[in-house]
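Quick notes on the structure that follows.
The values are calculated or read from the model by the stated rules, or taken from the named source; none is laboratory data. Values in this document were obtained by computation on a predicted structure and should not be read as measured data. Positions of Cβ are generated from backbone atoms using ideal geometry, with glycine treated the same way; all protein chains shown enter the neighbour counts. Keep in mind that these areas ignore ligands, DNA and RNA; they rest on the heavy atoms of the full protein, side chains included. Shrake-Rupley method; radii C 1.70, N 1.55, O 1.52, S 1.80 Å.
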Amino acid sequence: MSRARQPPLVTGISPKEGPAWTKVTIRGENLGTGPADLIGLSICGHNCLLTAEWMSASKIVCRVGPAKDDKGEIIVTTKSGGLGTSTVSFKLLRPERIGILDQSAVWVDEMNYYDMRTDRNKGISPLSLRPSNPLGIEIDKGKIPQKDMEVMFPGMSGDFTSEKFSATWYLIENHAGSSFDQLKIAANNLKKQASKKNEGSLAYVKGGLSTFFEAQDALAAIHQRLESDGTERVEGSMTQRLENILNRASDTADTLFQEVLGRKDKADSTRNALNVLQRFKFLFNLPLNIERNIQKGDYDVVINDYEKAKSLFGNTEVPVFKKVYAEVETRIGALRNLLLEKLLQTPSTLHDQKRYIRYLSDLHAPGDPAWQCIYAQHKWILQLMLNCRDEFISALCLHSPLPLDLEGDTRPSALGRLSHTASLKRGGSLRTPRPSTWRFETPQQVQFVEKLSDVVIGQLPNFWKLWISYVNGSLFSETGEKSGQVEKSKKNARQRQNDFKKMIEELTSRLVKLIRGALLPTTLPQGELSRYGGWENKTELSGAWLTQIIHIVRGCHDALSALEIPNDLLQVIQDLLLELRVHCLMMTLLHTTEDVKRLAEKEDWIVDNEGITNLPSQFEQCMVQMLQSLKEPLEIKPGEINHLCSVFSHNMSDLSTCSTQVFIRCLEQLSTKTDRDPDEQRLLIILSNCQYLERRTFLNLADHFEKHGLTGTEKITQVSVDTVRELDRKLFEAYIERRADPIAGSLEPGIYAGYFDWRDCQTPTGVRNYLKEALVSIITVHAEVFTVSKDLVPRVLSKIVESVADEMCRLMQCVSSFSKNGALQARLELCALRDAIAAFLNAESNASFKLALDALPQLHSGADKKLLEELLNKFKSSMQLQLTCFQPSSVQPVKR
């Protein structure tokens, strides 16, 4: 009896894993005294009692249900032993849905499924069975409406059973929030599914081995029943009924799969027929295929087909084949002419030129196509340079020159071409992308020099590479293998070296003359002005535009140096660069000062999260643009004269200090304007800008000065900080005077309103309204300052509180005597005010409150002290919402 009352213990299960409805054998101890004693059986949290078959006290057979948990214990419950335990666990496998053409070791029932669209159970046929989650990962439905998906993917579908299935649609709809690692797992799951389909019958037999054993047992049982029945084909016998069932099942299967298998057989037959006909159709379709491939540009395919046909049918004696092959030769001759025409066409890329030359070589074209291409490219580049000049001269004659906007984004946009230029963010570097209107704002000379340099830099390297490929023979052989074509190419190149050198000299000479005609026409001979000049209506260029031109000309110089141009030609470019550098330095300094003066006109009084406007950023941008504009002309390249830096660096600190002082005067002028916003709000914004200048802008400029190698950085920073601090002091005192005086001035009238007398007053019932109004005024100042910059709140409120505390101290000290109630009322109001603004008390305000309290008679009665405490608590509770802004925060006062 003691053993029967012990709880059940499961010590083994076979198999240990499997899909839902797997038949398992459970072994253990105290599993019940009989079928009636077994009252509970759960596997992985699913109740399996209905399928349980009690065999003995140590063995139970059942089927695993579709549990929610993938792995769990086997719990047996009996009347005699109660709830049991388990030392083993069962892993529930999630099988994939089986398609109608997939091999399966088990029968797939036409089970019901739950239709989410109609919200009801619905039966479906096997043709519509499909896996609910083909990727095998958790589904995360996106929030994009179905109509938006249809607009993004017109004509497509997110249903993976559809012929117009879109994988992108499916991922957005079902896995929008899945991580990249989850998608990698999904890809592996798809690979596993594909590999399972390729493993063949052996894999699915192994996977369903237990099912085959069960089928064997079932067939043996049927055989045993048939033998005991003793009848074979008697009508109504078990054998006859079983035969009828199997025949009907066979007929149903044939009906289901007849159409699918028929289409498969038809497709196999068609494919075999096409494979057989392919060999014989090649030659007959070749002329048409050559024409089609030529139209598509697939010349490699044409040449390969031609070589193949030549090897197979070049020496054929079959009349039909000879006739077709003659047509092929005619098409190939037309292709040679087409390729030569394309080779000499301009413009064309180096890749296309090499490709056409190799095609013509493979097709054994006559002449020297490579040199013909080089000569055509030389003439085309020369003409392109002249056309560039003529285009801009015509634009000047037909239209008036475009105005140069120094205040907008024009010069920064031009500087965007420089490789070292970056965007200016607060505390960051400078980046100036070109706006869409760049072409309409840039002066014609700058556009011309840039376009001309684009022509030279864009065409000369490819022109040179084509010549190098012609010299070393790589036009005809990428691997450098010796052949008749390669040796012939090298021989022709040696004979034409001097001709090619003259071509390069002519190109560089025309480049220099065209640039001089646009920028320095007085340096050209009188006879060449008509051809290279003509810029009478040109715009006077600023330092920024000249900086860009210097950069462009230097880029051309570097490109020509890489081509090993003679030094006498490069010296002409050096002379041009020296003249441009001197002119650029003077114009840059002049325009920077003018730009800083005009910054006040661009103030929009819109503050960001840091409480500052765009003005400090624009000032920093102007200064950094000046430094970057000066960097190009001051930079010494190999072969350039180095006397500019020594003369210019001595005056840089004075010029920079002057620009800073001009900007601070602009801020001071802005503080006096009253055309739009209230004066107090503008004062706060300018104070916030001053703080930002001291804390960030001047330090950033000092870093930029040091990066550009300029001396006197400490002097520039110190003078700038001193100047902005002086302006900050003036503006701060003006703001405090405007805000503190009205609040302090309202205290005395408020105290004595209604003929109030400290010597004759009633028992206090609370803080009077004048103090509440003063606190509301302080809260108003707090809100005004916080709206602009929270960093200014402690600094401003401390001064306001100091003024209010000083006034309260003066008023208390002026009272000759207090009654008991008057002293209590005065102490209540002083303590309420001090506690409310405690977060902004400094040494001066604390001293004022102490003097004011010392001027009052002391409270000796316990009742008076209790009443004082109650009234203070009542005041704090009633104004809790208003006093929230005075609570201490993480914002620290700005030290001055």
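Taking the Cα centre of region 136-177 as the origin, how large is its charge dipole in debye, to the nearest 20, when only Lys and Arg (+1) and Asp and Glu (-1) carry charge on their Cβ atoms?
Value, rounded to 20: 100 debye.
Just to confirm, what accessible area per residue do you get for region 753-887 at 1.4 Å probe, in whole Å²?
Heavy-atom accessible area per residue stands at 49 Å².
Charges at C-beta only: +1 for Lys and Arg, -1 for Asp and Glu. How large is the resulting dipole of region 9-92 about its Cα centre, in Debye rounded to 20?
140 debye
Can you give me the long-range amide H partners of Cys62? Hydrogens built in the peptide plane at 1.01 Å from N, cutoff under 5 Å, separation of 5 or more residues or another chain.
Long-range HN contacts for Cys62: Val24, Ile26, Glu53.
Please compute the per residue accessible area over region 136-177 with all protein chains in place, 1.4 Å probe, rounded to a whole number of Å².
I get 70 Å² per residue for this part.
Counting only protein heavy atoms, what percent of the accessible surface of region 688-742 is carbon or sulfur at a 1.4 Å probe?
Carbon and sulfur together cover 50 percent of it.
Going by a ≥ b ≥ c, the root eigenvalues of the Cα gyration tensor, does region 136-177 fall in the rounded group (a/c under 1.5), the prolate group (a/b larger than b/c) or the oblate group?
In terms of gyration-tensor shape, oblate.
Under 15 Å from the Cβ of Ala176, count the other residues' Cβ atoms, weight Lys and Arg +1, Asp and Glu -1, and hand me the total.
For residues surrounding Ala176, the net value is -2.
Counting only protein heavy atoms and a 1.4 Å probe, tell me what percentage of region 252-368's accessible area is made up of carbon and sulfur.
55 percent
Which ³J(HN,Hα) values in Hz, rounded to whole numbers, follow from the phi angles of region 246-253 under the Karplus curve 6.51 cos²θ - 1.76 cosθ + 1.60, where θ = phi - 60° and Gly and Pro get x?
5, 5, 5, 5, 5, 5, 5, 5
Within the accessible area of region 9-92, what % is carbon and sulfur when the probe is 1.4 Å and the other protein chains stay in place?
Percent of accessible area from carbon and sulfur atoms in region 9-92: 53.
Using the heavy atoms of the protein chains and a 1.4 angstrom probe, tell me the accessible area per residue for region 9-92 in square angstrom.
Per-residue accessible area for region 9-92 comes out at 50 Å².
Could you work out the relative contact order of region 284-344? I mean the mean sequence separation of Cα pairs under 8 Å and 6+ apart, divided by the number of residues, in percent.
Relative contact order for region 284-344 comes out at 37 percent.
Which trypsin sites (Lys or Arg not before Pro) from region 480-581 combine a DSSP loop assignment with at most 11 other Cβ atoms within 10 Å?
Answer in residue order: Lys482.
Using the per-residue mean of other Cβ atoms lying within 10 Å as a proxy for protection, in what order, highest first, do the peptides 599-610, 618-629 fall?
In decreasing order of mean packing, 599-610, 618-629 become 618-629, 599-610.
What is the sum of charges, Lys and Arg at +1 and Asp and Glu at -1, for the other residues whose Cβ falls under 11 Å from the Cβ of Arg355?
For residues surrounding Arg355, the net value is 0.
Please sort 352-361, 295-304 by packing, taking for each peptide the average over its residues of neighbouring beta carbons within 10 angstrom, highest first.
Top to bottom by mean Cβ count within 10 Å: 352-361, 295-304.
Which net charge results for the neighbourhood of Glu53, defined as the other residues with beta-carbon distances under 15 angstrom from its beta-carbon, given Lys and Arg at +1 and Asp and Glu at -1?
+1
With every protein chain left in place, what is the accessible area of Leu83 in Å² (1.4 Å probe, nearest 10)?
120 Å²
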